[in-house]
Structure formats: C-alpha cells, structure tokens
1. So in the range 75-113, with the set limited to residues that are of a type in the set (Asp, Glu) and closer than 18 Å to THR135 by Cβ, which one is surrounded by the fewest Cβ atoms within 10 Å (Cβ to Cβ)?
2. Could you please let me know if LYS146 is within 15 Å of LEU45 (Cβ to Cβ) and among the charged types (D, E, K, R)?
3. Restricting to the range 51-74, and then to whatever is out of contact with any Asp or Glu (no Cβ under 9 Å at 6 or more places or on another chain) and part of a loop (DSSP other than H, G, I, E, B), can you tell me which residue is surrounded by the most Cβ atoms within 10 Å (Cβ to Cβ)?
4. Which one of these is polar (S, T, N, Q), on the phi < 0 side of the Ramachandran plot, modelled with pLDDT of 95 or more and touching a Leu at 6+ places or on another chain (Cβ under 7 Å): THR81, THR140?
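The values are calculated or read from the model by the stated rules, or taken from the named source; none is laboratory data. It should be emphasised that the depicted structure is a prediction, and the values quoted were computed from it without experimental measurement. All Cβ positions, even for glycine, are placed from backbone atoms using ideal geometry, and neighbour counts span all protein chains on display.
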Amino acid sequence: MRLFEQAPTRREALRLAAVAAAVTVLTPRLAFATPETVKTEIDKLYAGKEMASGKLKLDLPEIAENGLVVPINIEVESPMTDADYVKAVHVFAEGNPFPQVLTYKFTPACGRAAASLRMRLAATQMVVAIAETSTGQLYTAKSEVKVTIGGCGG
C-alpha cells in the first residue's frame, strides 16, 4: 500500500479507517483510582486494624498550580528506638492511575521518620497517608489537593 503520494483510493481510505477504529476500540482507557480502590488497597495491607490520627503529619499544598510536581512532606512522631519505631509510611492518591503512590521504609538507624519529595497528581484529589509502627500501631492523615493548571486534569 502506498502512503499518499497522491490522493488515497477508496479502498486505502477504508483500510485506514478500519485500523483507526480498531486502535480506538482496543487501546485500554486510562482508569483512575477512586476512594473505593484506595480503601481496597489499604484493606489489603491492614484489613480490620484500627487507625488513629495525630502522630502522622502530612504536609501538602491546598492548591497545586502544577500537578506534575506537587511537594509532599511526611513526618511521624516516634522515639525511633529499637523497641518503638516507624516501620513504614504508605501514601495513596484517590485520583491517580495507581492508588498507591509510594512506600517509605524506616529503621531505628534513621533517627527520625520523615521524608520530602515531589509527586505527580493527575487531578484534584484526596491524598491519604498511613504510618505503621514496630509495635503494630497505625496512624493516618488525609489532605485534599486542588490541581489547577499543568496537571493531567483539573
């Protein structure tokens, strides 16, 4: 099949239309997480366990002008001793293609359970963090981020 050195024939135009239709139908749509899918992911990790608030600080901007680089700061109050330390912090986003955005692992050698990074948010959404301690306690914090321009949506 020649590729348009001159006007395409009717048969070539029909073939191209068929290929375009097949690609449109067969290409999976980008699905975004929902509050339900985030809950399901959290239940996979901690089904039925009680979560408290207060010791986990989640610092995010209320409005992110650029959804591609949203700053996030996480800090958990903990003595970080061999007997009592933060084992992990998980961060989930309710509107991203994958609900679990990141997991940080800590040890007593870290000295403090804190992290800073920039993450990508596809649209305005709730960000949920869960901290797990070595004693089995769970702490949670939530923050809504409104993504304006520059993100994958708004």
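1. In this case the residue turns out to be ASP82.
2. When the stated conditions are applied, LYS146 does not pass them.
3. GLY67
4. So the residue among THR81, THR140 that is polar (S, T, N, Q), on the phi < 0 side of the Ramachandran plot, modelled with pLDDT of 95 or more and touching a Leu at 6+ places or on another chain (Cβ under 7 Å) is THR140.
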